[in-house]
Amino acid sequence: MPVERWTRERRRELTRQALLDAAEDSFARRGFNGASLDEIADAAGYTRGAITFNFGSKEDLFLAVIERHNTQLLGAYARLLDVRTSSADLGDISELWERLEAKDVTSLCLVMELRLFALRNPEAREKVARFERHTEETIARFIKEQTAAAGIELAVDAEDLAAILYGATYGLQQHVALCTKDHGQLFWRFLELLLGPTGIQTGVEDPADAS
């Protein structure tokens, strides 16, 4: 079996991923203030200097943890909705949300901790706000790509829809995490309101018309 030769870039990427894994666990368990950079570095098998070199501040490490999570989520949805290989419906999207988000208490703790940190620290609020705007812009681009590929015309701006989805999704995630027996398929109902016949789409191209 050939042995992978690690380049400098590959070694740095492995270091970053190990630090992010350790940071995700520590921030979720202890919160932003309770988590220690020394503890995170030690759990990952590195020194505190590795965190500073790869991420900068504790805040930047925290944001990188959440950004990685968001990127992974969008990748999962993109694979599900790929028009070249997929016939996914609202039920499939809802099932993916239930599996990757509703049951992921760790990510929920991280997002809630991020927002509490920003609300309690006015000097950091703008940095977190920029991160949130960047996240919404990323979701908006994803929406534009998916609706264009599916021939769907939206009745609202993709940017507004992205903000609605981002805020509402985490609100639903909080509710489901605490009230596990309430409102079965709540996210599916939410998608139905948005994407159903009376929802946000104004026109869907008939596959027969495209042939």
remark   = Listed with the fewest Cβ neighbours within 10 Å leading, 32, 53 appear as 53, 32
key: Gyration tensor verdict on the stretch 63-121 (Cα atoms; rounded if a/c is under 1.5, prolate if a/b is larger than b/c, oblate otherwise)   = prolate
remark   = Check: C-alpha center the stretch 101-117 vs C-alpha center the stretch 1-78, spacing in Å is 17
request  = Would you order 109, 179 from fewest to most other beta-carbon atoms within 10 Å of each residue's own beta-carbon?
outcome  = 179, 109
Electrostatic dipole magnitude of the stretch 8-56 [Cβ: Lys, Arg +1; Asp, Glu -1; Cα centre; debye, to 20] = 200
ask   = Local charge sum around residue 107 (other residues, Cβ-Cβ under 9 Å, Lys/Arg +1, Asp/Glu -1)?
value = -3
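What is the order of 142, 27, fewest Cβ neighbours within 10 Å to most? All intermediate terms of the calculation are to be shown ahead of the outcome.
Numbers: 142 18, 27 25.
Fewest to most other Cβ atoms nearby, the residues stand as 142, 27.
No lab work stands behind these numbers, since they all come straight from the coordinates. For clarity, every value in this text was computed on a predicted model and none was experimentally measured. Using ideal geometry, Cβ is built from the backbone for each residue, glycine included, and neighbour counts are taken over all protein chains shown.
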